1. Determine, yes or no, whether residue 203 is assigned to a helix (DSSP H, G or I), in contact (Cβ under 8 Å) with a residue 60 or more places away in the chain and surrounded by 16 or more Cβ atoms within 10 Å (Cβ to Cβ).
2. Give the residue that is surrounded by the fewest Cβ atoms within 10 Å (Cβ to Cβ), with candidates limited to residues of segment 98-143 that are among the hydroxyl-bearing types (Ser, Thr, Tyr) and part of a helix (DSSP H, G or I).
3. Would you mind stating whether residue 146 is small (Gly, Ala, Ser), buried (at least 16 other Cβ atoms within 10 Å of the Cβ) and closer than 14 Å to residue 110 by Cβ?
4. Out of the helices (runs of 4 or more DSSP H) lying entirely within segment 18-83, which hold 2 or more residues that are touching a strand residue (DSSP E or B) at 6+ places or on another chain (Cβ under 6 Å)?
5. Could we say that residue 177 is at pLDDT below 95, surrounded by fewer than 16 Cβ atoms within 10 Å (Cβ to Cβ), out of contact with any Pro (no Cβ under 9 Å at 6 or more places or on another chain) and not hydrophobic (A, V, I, L, M, F, W, C) here?
6. Check off (1) surrounded by fewer than 22 Cβ atoms within 10 Å (Cβ to Cβ); (2) of a type in the set (Phe, Trp, Tyr); (3) under 19 Å from residue 110 (Cβ atoms) for residue 84 and give me the number that stays unchecked.
7. Using beta carbons and a limit of 6 Å, which pairs, at least six apart or on different chains, have the first residue in segment 141-163 and over 16 Å from residue 195 (Cβ atoms) and the second one among the basic types (Lys, Arg) and modelled with pLDDT of 95 or more?
8. Please indicate, with yes or no, whether at least one residue in segment 90-101 is over 27 Å from residue 2 (Cα atoms) and of a type outside the set (Phe, Trp, Tyr).
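The values are calculated or read from the model by the stated rules, or taken from the named source; none is laboratory data. Everything quoted here is computed from the prediction, not taken from an experiment. Ideal geometry is used to build each Cβ from the backbone, glycine not excepted, and the neighbour counts take in all protein chains shown.
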Amino acid sequence: MQTFDNPSAGSIVLSIADRIIENRAYLSEIDGKIGDGDHGVNMAKGFGIAADRLKGTSSSLADALDTLGTVLMTEIGGSMGPLYGVMFTEFAGKLQGAAAVDADAYSRMLHAGLEGIQSIGSAKVGDKTMLDTLVPAVEAFDAAHAKGDSFGDALLRLVEAAEAGRDSTLDLVAKIGRASRLGDRSLGVLDAGATSCALILKELSLGARTRLR
């Protein structure tokens, strides 16, 4: 059975922060087409603060995710701070105390994060939000695991589904938030939240995959 060590995997969160910061301008550019244009700036700020607090520490993945989630919930404005904040703190809660993380534990983590987001928002798949990335990613991971794929292969299926979900938002009309006021004019533009979510899930899952044993 493939697993990865929770206590030594906190640096995955630093890698996630690096990807968000690298894509700050791109995420804000996308957001500016149908939203406030500050998604990349706010995300980079929050992830940067968390990374600064984690650098030089030997945090577990659970502790690093909790640090990130707390920063996003308490120190970052906008709509995405609370959503990502609850996702990461729920992720952390499912991993706390675990020495090794297997596919079952990873699935529980993903579902906890999804349920946390759904508990504070009304969006659903098809509304042109981060859920268009997160829900199919979780479903793909579970489907791969259920049919007997290895943990590593299930992580790859998750990443593929996350990116397909992100791309699906090009053909969706926004039904939540500021972009919803644009109606059909929101067609043909990626959702910024779905795009950042795909970046996060890819870095998290590939980071886990490289640590499997």
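1. Details: assigned to a helix (DSSP H, G or I): yes; in contact (Cβ under 8 Å) with a residue 60 or more places away in the chain: yes; surrounded by 16 or more Cβ atoms within 10 Å (Cβ to Cβ): yes.
Spelling it out, residue 203 is indeed assigned to a helix (DSSP H, G or I), in contact (Cβ under 8 Å) with a residue 60 or more places away in the chain and surrounded by 16 or more Cβ atoms within 10 Å (Cβ to Cβ).
2. First, the residues of segment 98-143 that are among the hydroxyl-bearing types (Ser, Thr, Tyr): 106-107, 119, 122, 129, 133.
In the following step, the residues that additionally are part of a helix (DSSP H, G or I) were identified as 106-107, 119, 133.
On the way: 106: 25, 107: 19, 119: 9, 133: 29.
Only one residue tops the list, namely 119.
3. Numbers: small (Gly, Ala, Ser): yes; buried (at least 16 other Cβ atoms within 10 Å of the Cβ): no; closer than 14 Å to residue 110 by Cβ: yes.
Considered against the rule, which asks whether it is small (Gly, Ala, Ser), buried (at least 16 other Cβ atoms within 10 Å of the Cβ) and closer than 14 Å to residue 110 by Cβ, residue 146 comes out as no.
4. Working: elements: 24-34, 39-54, 61-75.
Qualifying helices (runs of 4 or more DSSP H): none found.
5. Values: at pLDDT below 95: yes; surrounded by fewer than 16 Cβ atoms within 10 Å (Cβ to Cβ): no; out of contact with any Pro (no Cβ under 9 Å at 6 or more places or on another chain): yes; not hydrophobic (A, V, I, L, M, F, W, C): yes.
No; evaluated as a whole, the condition is false for this residue.
6. With respect to (1) surrounded by fewer than 22 Cβ atoms within 10 Å (Cβ to Cβ); (2) of a type in the set (Phe, Trp, Tyr); (3) under 19 Å from residue 110 (Cβ atoms), residue 84 is out only on (1).
7. Short answer, once both residue conditions are applied: 144/157; 152/209; 155/209.
8. Step one: of segment 90-101, the residues over 27 Å from residue 2 (Cα atoms) are none.
Checked against the condition, which is being over 27 Å from residue 2 (Cα atoms) and of a type outside the set (Phe, Trp, Tyr), segment 90-101 yields no hits at all.
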